[in-house]
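This report concerns only the one structure given below.
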Amino acid sequence: MEARDSRGHVHPSHEPNGRLTALGNQLIEIHLWLREELARLRTSLDSPGGDLRSSPDLRAHCLGFCAALTRHHGDEDGGAFRVLAEREPALRPVLAELAEDHRVVTDILRRIEDLTTDPAAGRAAVRAELDGLAALLESHFTYEEKKLVAALNREAGGSVELLGVTRPGRETTG
């Protein structure tokens with residue numbers, strides 16, 4: 001069973017009979033979690049004392065988010081996208097476009113990481129990069145979900161290795 005959130009994104013409403021969640025549904029869950037984490041990070045940056053250089057917790061959250069997103073995209077490119085390209089050649093142009101987005105995201109993440117240690121960088125510079133990242137990721141995630149969820153759900157059994165991230169508090173069996 002699927003449900004739509006307030007933005008119209010499809011996400012699973014439950015996991016039937018304890019079976020593995022289909023790979024496409026895992027992708028949606030990961031994207032929802034990454035969206036939530038990025039929103040929390042942006043909100044934290046706006047709070048009093050929300051400077052990445054002077055707040056170890058905020059900096060750790062930022063670097064943790066960057067690492068999780070990097071791992072997710074790397075494993076998609078080397079796992080799920082490779083499998084889909086082999087099994088569904090018609091998706092190759094979509095996969096190439098998504099992989100290019102991953103390279104752009106990687107560049108933004110590097111700039112954010114550099115800003116966390118640059119004594120001259122202000123909160124506004126970090127915020128601008130996070131805002132740009134949020135806009136790009138929203139478009140990227142929506143497109144990826146629209147184009148790939150059905151194909152991923154046809155893949156037998158779910159495997160977190162193909163997607164790179166497991167939401168905290170969520171165990172997968174594979």
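Out of ASP107, ASP75, which single residue is at pLDDT 90 or above and either part of a helix (DSSP H, G or I) or surrounded by fewer than 19 Cβ atoms within 10 Å (Cβ to Cβ) (or both)?
ASP107
Kindly check whether there is at least one residue in the stretch 6-25 that is part of a helix (DSSP H, G or I), in contact with a strand residue (DSSP E or B) (Cβ under 9 Å, 6 or more places away or on another chain) and modelled with pLDDT of 90 or more.
Within the stretch 6-25 (the criterion being part of a helix (DSSP H, G or I), in contact with a strand residue (DSSP E or B) (Cβ under 9 Å, 6 or more places away or on another chain) and modelled with pLDDT of 90 or more), the answer is no, since none of the residues qualifies.
Is it the case, given these coordinates, that ALA120 is in a helix (DSSP H, G or I) and among the small types (Gly, Ala, Ser)?
no
Please go through (1) farther than 16 Å from LEU58 by Cβ; (2) at pLDDT below 95; (3) part of a helix (DSSP H, G or I) for GLU138 and return the number of the only condition it doesn't satisfy.
(2)
Of (1) exposed (fewer than 13 other Cβ atoms within 10 Å of the Cβ); (2) at pLDDT 95 or above; (3) of a type in the set (A, V, I, L, M, F, W, C), ALA120 satisfies all except one. Which?
(2)
The values are calculated or read from the model by the stated rules, or taken from the named source; none is laboratory data. Every value quoted in this text rests on a predicted model; they were computed, and no experiment measured them. Counting neighbours? That spans all protein chains shown, and the Cβs are built from the backbone with ideal geometry, glycine included.
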